[in-house]
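The values are calculated or read from the model by the stated rules, or taken from the named source; none is laboratory data. Since this is a predicted model, take the numbers as computed values, not measurements. Note that each Cβ is placed from the backbone with ideal geometry, even for glycine, and that neighbours are counted across all protein chains shown.
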């Protein structure tokens, strides 16, 4: 028992050695890699950065031949730190557990990696270090998909006239027949939203107003399912489902967030289309913005064919 307690607080390299299989594996490690990042589920952790420390050990398959001093034949330390940087840049994360899982998955996508120990600690949330540690093996990992395999969705913005239109079902039929995943975006309802003098409070109110209208659309056709996280959205796209974007979490958690305000819902939707690498965005009913980072196509709300 004493040995188990000691190992629980030991460096991941000691845990790796103590739990090694009969077939020995090589190990590489990154120790005390500290970055400043905005992370955390509490409101007090939003808008500020804190120090987060990573200790990672990767067990790798030994090379079958000589290394020949060739960096291309080994799993570089840079691949470990790049995995950390890539996950921190993808979106704002609330939980260390989520970050640890994603870093482990990305590392295990490397051909040489067989098992990974990931310890992450917050250094500024108390008198000591607060953290998590996970162990993941290749056969248990959900490997990161190749970038080219990501589905390209059809992004469709519906204004309020289009949401209420009797043609809505026909438009959805046409989009469904295309055989591609569809993501609907909407703006706020015509009813005025509550007003606040606090900028961040008003931003949340305006985002929630959009989400209320997303549920209105979902209520009009059961094929439309409201999604609020990138995980839900990725699953829906991979399975060819129709989603309605509830923007609060993705907008507020974005590392490089939109310059558009929620009240300019079409511009906000074009930002989202760009993050999904959509080939174009179809706008039904509303005006098209003068400049956008994706190709825009507009159809009047009184037109039956898309």
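Considering the range 277-306, and only residues there that are touching a residue at least 40 places away in the same chain (Cβ under 8 Å) and not in a loop (DSSP other than H, G, I, E, B), the residue that is farthest from residue 230 (Cα to Cα) turns out to be 284. Would you mind stating whether residue 208 is over 20 Å from residue 268 (Cα atoms), touching a helix residue (DSSP H, G or I) at 6+ places or on another chain (Cβ under 9 Å) and at pLDDT 90 or above? Judged against the criteria, residue 208 is not a match. So which of 57, 35, 52 ends up being over 30 Å from residue 251 (Cα atoms), at pLDDT 90 or above and either surrounded by 12 or more Cβ atoms within 10 Å (Cβ to Cβ) or within 24 Å of the chain's Cα centre (by Cα) (or both)? Step by step, each of 57, 35, 52 is checked, and only 57 is over 30 Å from residue 251 (Cα atoms), at pLDDT 90 or above and either surrounded by 12 or more Cβ atoms within 10 Å (Cβ to Cβ) or within 24 Å of the chain's Cα centre (by Cα) (or both). State all residues of the range 130-167 that are at pLDDT 90 or above and not assigned by TED's automatic domain parsing to the domain that holds residue 268; if no residue qualifies, say none. Those that are at pLDDT 90 or above and not assigned by TED's automatic domain parsing to the domain that holds residue 268: 130, 131, 132, 133, 134, 135, 136, 137. Scanning the range 84-113 for residues that are touching a helix residue (DSSP H, G or I) at 6+ places or on another chain (Cβ under 7 Å), at pLDDT 90 or above and farther than 17 Å from residue 231 by Cβ returns 84, 107, 108, 113.
Here residue 97 passes the criteria (1) under 17 Å from the mean Cα position of the chain (by Cα); (2) crowded, with 22+ Cβ neighbours inside 10 Å except the one numbered (2). Residues being surrounded by 16 or more Cβ atoms within 10 Å (Cβ to Cβ), at pLDDT below 95 and over 21 Å from the mean Cα position of the chain (by Cα) are represented in the range 174-183 by at least one member. Within the range 224-276, count every residue that is crowded, with 19+ Cβ neighbours inside 10 Å and assigned to a strand (DSSP E or B). Final tally of qualifying residues: 6.
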